[in-house]
Ligand SMILES: [Zn+2]
């Protein structure tokens, strides 16, 4: 326990009853106690409450202890782990006295500069905690505070004791050199941010993965998957109420497509052509069963999101035709921007279709961009009266620029209405799920029965 005058350095005392004869002298003191059970026994609390009315910091006292945080407690974020590593790093002590002696020696051997580093980190953590309004600390709260526990960089040890970003950067560069044998491109713009280092590692692994592929389809797939929108369906919370629960078949096929696994046996497609075991033919088949439901689902998502922004829409409006006589997918009934209504047309093209494969290998999303340009040409004569958006996406996930821009605009309007910054992510997720459901339907529907599937897929 501790007695102290507010604003002064405290002094430890043994037994509070020693002070009973000096009660008058204690009038300006506050007593602070730990949470030990014996200290909070009724007889004990009665005694201290009588001596320190309204000034007892204790469990069951007048003033509660503040919540303890391992991120802010030096012994938690530094000492215990460090001691455990040192005490049990070699031959562990066999007896309790040996353990106590070993701990004593290791504590005594902590160098002064390490303690200075710990105190610096403590101050940085407290400042960061204040900056974040006492919420959880971010990963990059201060240079080197966060050790790299989930990557190869963890072998660096505990960088929290290093004095500067430069020291950490030098050590990490050495490690990367060991791991990858060369140092070019290993210079993150902000070496104090862990993500900057992770991106270097991920980039190197991706490069080596791509160079190991011999199939253009695999290269196109892996590059397409790097686009932000490609993995959105994986982030959706599966909920049957809001329509984001994927059925077992769709999820398994979507995952297999993403990983490049075999999905079905080689079989004759309903179009008469031979369908491969990776499902690639079904994705670009002229008689694909998934195309129409995907088209309809995504147009509905776009229409509903616009309606949520108080922009009424009309799907497949008549009276507006593109150059080949077909109608756009949707129209806003009031102006969207610059006094003009919005018309949009959705399309989904296959990343690895023969017509797009070469460009997909060179650049992720180029199939969607190509479809975007084709759409724009068809609607060129309408662009003076309408704002036209070609909403082109790919089977493996990438979107064209127009689609990204439209989603950003809708997301911004939804944010201003709902105050929820996740609106745009939810939209991306729903569209991502619709694309994957379309892919699954295309593969499942490439034969009249399901005997072509490689394994029994749960419903
Ligand atoms: Zn076919």
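The values are calculated or read from the model by the stated rules, or taken from the named source; none is laboratory data. This structure is a prediction, so every number in the text was calculated from the model and none was measured. Please note: Cβ atoms are built from the backbone with ideal geometry, for glycine as well, and neighbour counts cover all protein chains shown.
Assorted remarks:
- Conditions (1) under 15 Å from residue 444 (Cβ atoms); (2) in contact (Cβ under 8 Å) with a residue 12 or more places away in the chain; (3) within 26 Å of the chain's Cα centre (by Cα); number of the one not met by residue 260: (1)
- Residue selected from the stretch 449-459 under the condition more than 13 Å from the ligand (Cβ to nearest atom) and either surrounded by 18 or more Cβ atoms within 10 Å (Cβ to Cβ) or modelled with pLDDT of 90 or more (or both), by the criterion farthest from the chain's Cα centre (by Cα): 453
- Long-range neighbours under 7 Å by Cβ, at least six apart or interchain, first residue under 20 Å from residue 271 (Cα atoms) within the stretch 285-300, second within 11 Å of the ligand (Cβ to nearest atom) and part of a loop (DSSP other than H, G, I, E, B): 285/269; 285/271; 285/446; 286/271; 287/270; 287/271; 289/445; 290/445
- Residue in the stretch 345-359 that is over 30 Å from residue 273 (Cα atoms) and surrounded by 12 or more Cβ atoms within 10 Å (Cβ to Cβ) present: no
- Taking (1) touching a helix residue (DSSP H, G or I) at 6+ places or on another chain (Cβ under 7 Å); (2) closer than 21 Å to residue 435 by Cα; (3) in contact (Cβ under 8 Å) with a residue 60 or more places away in the chain in turn, residue 320 satisfies each apart from (2).
- Of the residues making up the stretch 270-292, those that are surrounded by fewer than 21 Cβ atoms within 10 Å (Cβ to Cβ) and either closer than 18 Å to residue 357 by Cβ or touching a helix residue (DSSP H, G or I) at 6+ places or on another chain (Cβ under 6 Å) (or both) number 7.
- With respect to being away from the ligand (no atom under 16 Å from the Cβ), exposed (fewer than 14 other Cβ atoms within 10 Å of the Cβ), within 30 Å of residue 173 (Cβ to Cβ) and at pLDDT below 90, residue 205 fits the description.
- Looking across the stretch 428-448, the residues that are within 16 Å of the ligand (Cβ to nearest atom) and part of a helix (DSSP H, G or I) come down to 438, 439, 440, 441, 442, 443, 444.
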